[in-house]
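Report on one structure; see the data block that follows.
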Amino acid sequence: MRPYVIVLALVNVAAPAAAEKFDLICTTEVRYRSSAEWRPSDPIRYRIDLEANLWCRGDCSKTQTLATVNDRVIFLRSHLRSSELDGFERERIYRKTGELSIVHIGAGPIGTFQEFRGQCERAQFSGFPDAQRD
């Protein structure tokens, strides 16, 4: 009689829909180009729906499409503004640690620089109000 090896395949079962929708409440600090000092800033609340590929911030007057999502990072946005002369924005959250990083670089003769860092905690999804789509 020949021995047979039975191989079991593990199937990645999609998480329940509730895990795909959540709020993040983030404590933050900010610094500007003129100062290397980090200063406390107002908390930020995000509403994120990975399944619908949407997110919003604060009062959620406008929902936006997620830039990129992978197993490490949620990029809320990461792009040059309307042209290279208009500046750059990047807003990302590391999925395992909850670390938040936001960078706004404006264009113009003197330019602007604003950077936020913070720590986010997951909360129950509070839904999107009747917001306009970006």
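Summary table
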quantity	calculated
Cβ-derived FRET efficiency at R0 25 Å, residue 125 paired with residue 96, nearest 0.05	0.80
Residue 23-residue 103 pseudo-label distance in nm [points 7 Å out on the Cα-to-Cβ vector]	3.0
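Just so you know, all these numbers are worked out from the coordinates, no wet-lab data involved. Owing to the predicted nature of the structure, the values given are computational and were not obtained by experimental measurement. For neighbour counting, all protein chains shown are included, and Cβ atoms are generated from backbone atoms with ideal geometry for every residue, glycine included.
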